[in-house]
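What follows is a short report on a single structure.
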Amino acid sequence: MSVLEIQDLRVDFPSRKSTFTAVDGVNLTLEAGKILGVVGESGAGKSTVGNAVIGLLQEPGFIASGEVRLHGQTINTLSEADKRKLRGRKIGMIFQDPLTSLDPLQTIESQLVETIVTHLPLSSREAQKRAVELLDSVGIPDPEARIKQYPHQFSGGMRQRVVIALALCAEPELVIADEPTTALDVSIQAQILELMKKLCTERNVAMLVITHDMGVIAEITDHVAVMYHGKLVEYGETAQVLGAPTHEYTKSLISAVPRPDIRVERFPSVNYIEASEKPTRNIDISTHWLGQSRDYAKISGPLLKVNDLQMKFETKGSIFASRREYFHAVKKVSFDIQEGETFGLVGESGSGKSTIARLITGLYTASGGSIMFGDTELTSLKNPRQVLAMRRQMQMIFQDPFSSLNARMRVRDIVAEPIKFHKLASSGSEVRQIVSDLLDHVGLGTAAGEKFPHEFSGGQRQRISIARALATRPRFLICDEPTSALDVSIQAQILNLLKDLQQELGLTMLFISHDLAVIRQMCTRVGVMRHGELCEVSQCEALFDAPQHEYTKDLLSLMPSMDLLSRADL
Amino acid sequence: MLGFTIRRLLQAMIVMLVVALLSFTLFRFVGDPVNQMVGVDTSIADREALRERLGLNDPMPVQFWRFISNAVQLDFGTSYQFKQPVSDLFARRIPATLELSFMSAIFALAVGVPMGIYAGLNRESAISKLFLSLSLIGISLPTFFIGILLIFLFSVTLQWLPSFGRGDVVQIGSWWTTGLLTVSGLKALVLPSITLGLYQMTLIMRLIRAEMLEVIRTDYIKFARARGLPDRIVHFRHALKNTLVPVVTITGLQLGSIIAFATITETVFQWPGMGLMFLQAVQEVDIPIMAAYLMLTAFLFVAINFCVDILYFFIDPRLRVGR
């Protein structure tokens, strides 16, 4: 008998005006020892499926119709108290962010023991022993000592192991993992995926993995269900679905996934995915204000030359210089960027790649080294007017589209602000015209200017950020993880837009990402960073085909394999 | 942690020095102390002699130093009004104020915390909304008005509780007197404690409610539920403990202000505490009492804040271990 059967599941979220159906007519079955992946973009209802199974739907959501059966027993109609007895005992759950999933004020031991004692008839001494064994089995070294520690004393990957141990406390038959590796670095992700797979086979646990990441799906799942707008659009064996997708949506979703193994000039334009507006009106860049009077002095040599750049942050202050302690975020990094190229910086979190972007733009002051922009040494600029003139030439696009736009300003004012500040237009009407052209050009339409940022989706907001960055007619654009907060289909559109703009305007770009696949699609040359040092700089293709540095080789080998994915689009 | 404690102690000392300077200037510049002490018919020569004897002709720093060293030994001079040492006067009055303050703090916590937890967990229930409306009244009505209202209801109309004084008190040790051991003493405490604690109670309730709502939304609470832990453990062991840091901060500060600003309640209920004495001192320009009151209040605030800072270490392990 199947461990989990979901039949015609429908989940409704009633609101004052109407009812929103988050999940509609979903059928799934899952056998012991198997992993079923549910994949989809944000708003597809995939997390709602997981929450419905474990009985923790967010208010006011409820199961409107259908059944959830665990070993043949219908569980969605049980009383609240009976459902609670199932949670943890029969069904375990793993959450996305290991940094926030554990109570910061309790030791790992007390959290494990309380869960074990709740579900199993053990004394607290026996529960402690079991807790240590569990930590050992999820691969935490020295479990006897570490169990006495608090969550903040563990790294992100270790905390996710603790979370897994907690989910496995009472030997559940089914584990639901909601984006289990999204918040982790690629090397940690590989370890956690391996652990999950191992536990699944060893303990004969059925696992429901909810994710937006095709790489995770390809790596560990046996079956996959693709969701779109609350409906199941495709369901079958993973190799089958990824290799030969039949539904239009699955096809377009797979084609939008950036691949580390092949470089494409452009992502295929997918019309199944919503919000893929074309520029409503094309402007001729060469005659337009945007392309005009790019009065930058011609330079010989690289546009940006970074030499022995250093940045240290004080971690322990003291009045005595000798007793201060520092964290070296960037250690003697040197690279240069030629005019018109896209230079990629790739690395795991904490490798110092964003710090470099902030040093170049002047948000941080370097502790040492030099940054040459053209013929100007940026680190020694004192005159505020010269600083402004430099800043006008370089603009930045940030990672989080939700916090990088002022929520109280209209979009047209957001885009107009840099033009007015740098006095780049002669009259108010000219500013308005430029803003409306810019909004058109990034695919939002002039009407968008009247709205406020909260009326837009993440991808549209990132377009606003791009329009704002272009508004000073920069020659150098820094993109700091511009698409990591976006769904893959939206990511594909934004990456296409950036590529187009670069070609039209001859922009030079510094592209920062943790995602090797995105780097491969975007960059001419790539620098790999680790612990504040630049391990390797090479041509993009060469880096992927023949990596030189050990760390680069590691990173590449840890990427989930995309071999399963269809290549119909190529 | 030791370094932290020492740093906090140093800061506390600086605060106390500044306050001492303030009370010292009070002595010097609010009227001439000699004029306050002597009669109208005292000769100028006698006045000069008194000035010399009191050391008022010494240079400022010398006088300030004398003031501080006396204050450290709890010697704040002699009250102009009562012609008695100020410290003796305070010693007689302090038990009344402290007893009242602690009773109202206990009332505020014992009622405010459970109400806050309930309102935080059952956001939509009618009782929570009732609590919130009541707390709005508690926050917006001035203390003296609540006092008078309570006196009118329970003393005048129902005649259950006394409207003024401490009732019968019992002497403990050489100088402490308590009303907690007699029936009339306890009865007398009820109305003033409620009056004084009502505002703090509503504040604590609203704070705990807001913090609970915040914490309930966090991932670790969701995860605790997903592990099937009973509500009791989720709510009290995980949720409540995580709301404590801000609550302890505010409660500590409030306890300080309860003690310092008991003045109004003491006046309404004719409570023989420090506040009432202070008010009389202000009317009579009895500067030594005012200065001592200032110092004492500042000291209580500083001491309570210091305890709160130390308490953080016991609540939050992230502070204990450091990085």
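The values are calculated or read from the model by the stated rules, or taken from the named source; none is laboratory data. Note that the structure is predicted; figures quoted are calculated from it, not measured. No Cβ is skipped: glycine too gets one built from the backbone with ideal geometry, and neighbour counts run over all protein chains shown. Each accessible area value is taken on the protein alone, full model and side chains, heavy atoms only, with ligands, DNA and RNA left out. Shrake-Rupley method; radii C 1.70, N 1.55, O 1.52, S 1.80 Å.
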Where labels lie 7 Å past Cα in the beta-carbon direction, separation of A:Ser155 and B:Asn57 in nm
7.7 nm
Expressed in square angstrom to the nearest 10, the accessible area of A:Val431 with a 1.4 Å probe stands at 10 Å²
Rg in Å to one decimal, and Dmax rounded to a whole Å, for segment A:313-372 via C-alpha atoms
14.1, 47
For chain A, which whole-number percentage of the solvent-accessible area (1.4 Å probe, protein heavy atoms only) is attributable to carbon and sulfur atoms?
49 percent
Which residues does a label at A:Gln58 reach in segment A:151-195, if reach means a backbone N under 18 Å from a point 7 Å past the Cα toward the Cβ?
A:177-180, A:182-183
Would you report the distance distribution of C-alpha pairs in chain B as whole percents per 20 angstrom bin, up to the bin with the largest distance?
25, 49, 23, 3, 0
Based on the mean of other beta carbon atoms within 10 Å per residue, what is the order of A:360-372, B:124-136, A:159-171, most packed first?
A:159-171, A:360-372, B:124-136
Based solely on its DSSP helices, what 222 nm [θ] is calculated for chain A when runs of n ≥ 4 H residues each add -39,500 (n - 2.57) and the sum is averaged over all residues, nearest 500 deg cm²/dmol?
-10000 deg cm²/dmol
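Ignoring ligands, DNA and RNA, please state the percent of accessible area on chain B from carbon and sulfur, probe 1.4 Å.
Numbers: 11680 of 16800 Å².
Answer for chain B: carbon and sulfur cover 70 percent of the accessible area.
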How much FRET efficiency would the formula 1/(1 + (r/R0)^6) give for B:Thr157 and B:Ile264, where r is the Cβ-Cβ distance and R0 is 25 Å, rounded to 0.05?
0.65
What does the C-alpha gyration tensor say about the overall shape of segment A:187-267? Classify as rounded when a/c is under 1.5, otherwise prolate if a/b is larger than b/c, or oblate.
oblate
Taking the Cβ-Cβ separation of A:Glu31 and A:Gln433 as r and a Förster radius of 51 Å, what is the calculated FRET efficiency to the nearest 0.05?
0.25
Rounded to 5, the percent of DSSP beta bridges in chain A classed as antiparallel
55 percent
Could you run the numbers on buried accessible area between B and A, total for both chains, 1.4 angstrom probe, in Å² to the nearest 100?
2200 Å²
Could you tell me what percent of the DSSP beta bridges with both partners in segment A:4-256 are antiparallel, to the nearest 5?
55 percent
Greater than 29 Å separation of Cα atoms is the criterion. Which listed pairs, A:Lys316/B:Lys222; A:Lys197/A:Lys353; A:Lys198/B:Lys222; A:Lys46/A:Lys148, meet it?
A:Lys316/B:Lys222; A:Lys197/A:Lys353; A:Lys46/A:Lys148
Tilt, helix B:274-283 to longest principal axis of chain B (alpha-carbon atoms), in degrees rounded to tens, equals 40 degrees
15 Å reach of a label modelled at A:Ser2, 7 Å along Cα-to-Cβ, counting backbone N of segment A:30-55:
A:30-38, A:50, A:53
With each label point set 7 Å from Cα along the Cα-Cβ vector, what nm distance links A:Ala542 and A:Gln240?
4.6 nm
Grab the Cα-Cα distance for A:Leu558 and A:Lys197, subtract it from 0.36 nm times how many residues apart they are, and report the gain in nm with one decimal.
128.4 nm
For chain A, divide the Cα radius of gyration by the Kirkwood radius and give the resulting Rg/Rh value with two decimals.
1.00
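In the P(r) worked out for segment B:189-248, what percent of Cα pairs fall beyond 14 Å?
When all Cα pairs of segment B:189-248 are counted, 61 percent exceed 14 Å.
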Where Rh is the Kirkwood radius over Cα pairs, Rg/Rh for segment A:4-256
0.97
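Return the average number of partner chain Cβ atoms within 10 angstrom of each residue Cβ along peptide A:533-544.
That works out to 0 on average.
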Across B:215-222, the residue-averaged tally of Cβ atoms belonging to other chains within 10 Å stands at 5
Arrange the peptides A:139-152, A:485-498, B:43-56, B:75-88 so that the one whose residues have, on average, the most other Cβ atoms within 10 Å appears first.
A:485-498, B:75-88, A:139-152, B:43-56
Plugging the Cβ-Cβ distance of A:His247 and A:Ser65 into 1/(1 + (r/R0)^6) at R0 = 22 Å yields, to the nearest 0.05, a FRET efficiency of 0.40
Testing the spin-label approximation: label points 7 Å from Cα along Cα→Cβ at A:Lys129 and A:Ile262. State their distance in nm.
5.7 nm
For B:227-239, mean number of other protein chain Cβ atoms within 10 Å:
6
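May I ask you to order A:212-219, A:395-402 by the average number of other C-beta atoms within 10 Å around their residues, highest value first?
Ranked from most to least packed, the peptides come out as A:212-219, A:395-402.
Could you give the accessible area per residue of the protein assembly as shown, probe 1.4 Å, as a whole number in Å²?
Result: 46 Å² per residue.
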With springs connecting C-alpha atoms under 10 Å apart, model chain B as a Gaussian network and identify which of B:Ile259, B:Ile68, B:Ile221 has the largest mean-square fluctuation.
B:Ile221
